[in-house]
Every structure is written in structure tokens, then in C-alpha cells.
Amino acid sequence: DPIEPDLSSCGESTVDTSKACMNVPCCPPKLKDSKIIDFEPPLGCKIRYRPAAHLVDRDYLYKFESAMERMKALPVDDPRNFMQQANIHCAYCNGAYSQVGFPDQKLEVHYSWLFFPFHRMYLYFFERILGKLIGDPDFAMPFWNWDSPCGMTMPQIYLDPYSPLYDENRNLEHQPDVVVNLNDGKSVVKQKKKNDDFYELTKREQRNRNLYVMYQQMVRSSKTASCFHGAVYRAGCVSETDIGCTPEPRGGTLENGAHLAVHKFVGAKNPPYNEDMGNFYSAGRDPLFYAHHGNVDRMWNIWKTLPGKKRRDFDEKDWLNSSFLFYDENANMVRVKVRDCLDSKTLGYDYQSVDIPWLRSKP
Ligand code: C2O
């Protein structure tokens, strides 16, 4: 069966690291009139292009900052308020919802084929809200181009402490020009030399290594939908003993790889929860999250253009009909199905075209 969140059962989220555990409230504000609208892709054919964060100009930045400022200034119980938006991630990633028809089964959008569709729609509404707040329905938010050498450090526009794009819960030791390590998010990779001494990779070596990592995750090890998207995940599934169910949560290559590495790289070192980016419950509180996931989403678009007969999205009904709930830019609750979001152009956006150097980085 397709998976659907049970809104009426929304409860506290559980944040569990191996070191500590806590419960946090993350459910969305109550519906005014319990009406849920089925999502319709926007009409019109104008495509808005999301720019690379390191390439935006002053005028764009001014717009983006005003939009974010307004989002943060909305009443706290407005579902479009920034903290409410951040809590969406917490609710969908830390077990606030159970699945419709299966009250004992929590809904989790990571480590399965729900990963790309959920995050795509999450960002979609976030962007629509920003656009609405500045009266610009064509507004497109930036993406963090970490797969390209010029984007492998935290983007500058997010680093000004006086900007609404700033977040103080980050790893300060990872500010530019520290190069992200797309393999595991640590800043410094130590390499063993023949004589058993360790030495740090130079920035240039790290950047090149990242390109190989990208090639590995996007091309070599993601030749099928299941490798790229992650494991099948159906309603009511518990374990391998249920026929056709996910044996273990398993994310796709990019989700488990570069995606998590960037989360770890940005999140503060503070144990036990590594807020904000270092933990799913708090990740959405960092404006950089949305740029990070912009690039993850862009990778989905790129993946579909790569050669290979099996490099296609799933066509199973349980996937296509799985759904999520979001408040839209008018504060109406909308139900979106996976089938609605397979093509970003149908949703009215695409990405600025920039060089993709890892395509040429066959190890
Ligand atoms: Cu929902 Cu990057 O995680």
C-alpha cells in the first residue's frame, strides 16, 4: 500500500542518538476548517531557475533576505512561519506521524524511496511561501553547489551573522575556506603514507576526491532506481518477514553519502544532538538546509539524464500514490502525491545550468 501520514494522530517526535534521547513537539498547527486540498501542479509555463548560491548577485540576495526575514517574522502559529517550516522536517523524520491505516507504524521519510519526493515537495512549498511573502511568484531559492569545486565550502551568503540566512548552530571550524569532505563530513581527511605517517589532504586533493565521490555515488553505484532512491517502503511494513517489505531502512547512494556528509559537516560539534544540521529534528532550522537540499534535489534531475536503461524512477503504484501533507503559500493544507513531483518542470522550476565536473571524474 502507499504511505500516507495520519494527521489526526500527530504526536511528539522522538530524537534518539546513541547517546541521548528526548521528545519534542513538532506537529503542524491545527487546521482551521479541516479541509485538505489535493495538490494541483501550478498552471502556466514559465520556469523559474534556482541559482547556485555562490553565484547570486546583490539584488537577488536582497530579495532572498527580505523573504526570509518576513518568514521569520510571521506569527509563531502561522504554518508558514520559519520555525513551523523547520518543524515539518522534525515531524516527518522523527516519528511524529503514524501511517494511515497502520496506527503502530511510524512514518519516516529518510532511508527509503520517499527521500527524494518528500524533500522536493518540502522545498517546493518553502519556496512558494518565500515568493508569496515578497509578492514575487517567480522567486526561486538558491542551491548549494557542493558537487562542484567552486561550491565545496559553505556558501558565503549564509555566513553573515546579521543576515536572516545565518544560523549560529553550526560548526565554526568548518567555515570557508575549509573544503567539505563529501565522503563523511569530517573536515580533515588524513591519508596514510607508505611510512605510516598521516598527512592532511590539501584543498585541491580534497576537491578532486569529492569529484570521484560524486561520480561513484551518482554514476557507478546508482544504475537502478533502488540504488539511487533507496529501498522500497510500503505502508504497514515492519521487517523482512513481511513479504516485499524493506528488510532494513536503506537510503540511496547519494542520500547515505554526500547528503549525510554535508549535514555532518555543517552541524555543530555539540553532543549529543549536533544541532542544527547534524540532526534531522533540527536541520530545518538552518537556512542552509534548504540550499543543501536544493542541490540534493538537483541531483535527482541530473540522475535522470544519465545514460542507462534502468536509470529511471520507479513505476510502482505504492510509490506513485504515497503522499505527504504540507501547508501551501496561502496556509491551506495540501496533499501531494509522489506522482505529482516526478518532474521539477511540471512544478515550475529547474536549476541554473552550471558545469558538472564529476561527470568527467571517472576514478
Ligand atoms: Cu530530511 Cu537532509 O534530510
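The values are calculated or read from the model by the stated rules, or taken from the named source; none is laboratory data. Just so we're clear, the structure is a prediction, and the values are computed from it rather than from any experiment. Positions of Cβ are backbone-derived with ideal geometry, glycine not excepted, and every protein chain shown enters the neighbour counts.
Of note:
- Looking across segment 86-113 at every residue that is β-branched (V, I, T) and assigned to a loop (DSSP other than H, G, I, E, B), the one that is nearest to the ligand (Cβ to nearest atom) is identified as V109.
- F265 surrounded by fewer than 21 Cβ atoms within 10 Å (Cβ to Cβ) and either within 11 Å of the ligand (Cβ to nearest atom) or closer than 16 Å to E173 by Cβ (or both): no
- Scope segment 267-298; condition farther than 17 Å from M68 by Cβ and under 14 Å from the mean Cα position of the chain (by Cα); matching residues: G278, N279, F280, Y281, S282, N295, V296, D297, R298
- Any hit, segment 279-296, residues being more than 24 Å from Q156 (Cα to Cα), aromatic (F, W, Y) and within 14 Å of the ligand (Cβ to nearest atom): yes
- Selection count where residues are out of contact with any strand residue (DSSP E or B) (no Cβ under 7 Å at 6 or more places or on another chain) and within 23 Å of V334 (Cα to Cα), scope segment 37-72: 12
- N301 satisfies every condition listed in (1) within 16 Å of the chain's Cα centre (by Cα); (2) farther than 30 Å from K30 by Cβ; (3) touching a residue at least 60 places away in the same chain (Cβ under 8 Å) except (3).
- Looking across segment 18-33, the residues that are surrounded by 13 or more Cβ atoms within 10 Å (Cβ to Cβ) and farther than 13 Å from S282 by Cα come down to C27, P28, P29, L31.
- N301 vs. criteria in a helix (DSSP H, G or I), surrounded by fewer than 21 Cβ atoms within 10 Å (Cβ to Cβ) and polar (S, T, N, Q): yes
- Residue match in segment 308-318 (condition: within 16 Å of the ligand (Cβ to nearest atom) and either under 19 Å from I36 (Cβ atoms) or assigned to a helix (DSSP H, G or I) (or both)): no
- Condition met for F324 (assigned to a helix (DSSP H, G or I) and either within 16 Å of the ligand (Cβ to nearest atom) or of a type outside the set (A, V, I, L, M) (or both)): no
- Residue match in segment 254-270 (condition: within 29 Å of E4 (Cβ to Cβ), touching a Phe, Trp or Tyr at 6+ places or on another chain (Cβ under 6 Å) and either at pLDDT 95 or above or in a helix (DSSP H, G or I) (or both)): yes
- Near pairs, Cβ below 8 angstrom, 6+ apart or cross-chain, from segment 90-106 (free of Cβ contacts under 8 Å to residues at least 24 places away in the same chain and over 23 Å from D286 (Cα atoms)) to any residue that is outside any strand (DSSP E or B) and away from the ligand (no atom under 16 Å from the Cβ): none
- Complete set of residues in segment 274-295 that are crowded, with 22+ Cβ neighbours inside 10 Å and assigned to a helix (DSSP H, G or I): Y281, S282, A283, L288, F289, Y290, A291, H292, H293, G294, N295
- Filter result for R48 (without any contact (Cβ under 8 Å) to a residue 12 or more places away in the chain and surrounded by fewer than 21 Cβ atoms within 10 Å (Cβ to Cβ)): no
- The one condition from (1) within 15 Å of the ligand (Cβ to nearest atom); (2) more than 20 Å from G284 (Cα to Cα) that G135 does not meet is (1).
- Answer from L130, L123 - the residue that is more than 16 Å from the ligand (Cβ to nearest atom), in a helix (DSSP H, G or I), in contact with a Phe, Trp or Tyr (Cβ under 8 Å, 6 or more places away or on another chain) and within 23 Å of R298 (Cβ to Cβ): L130
- In segment 339-355, residue nearest to W300 (Cα to Cα) [restricted to those that are out of contact with any helix residue (DSSP H, G or I) (no Cβ under 6 Å at 6 or more places or on another chain) and part of a strand (DSSP E or B)]: D350
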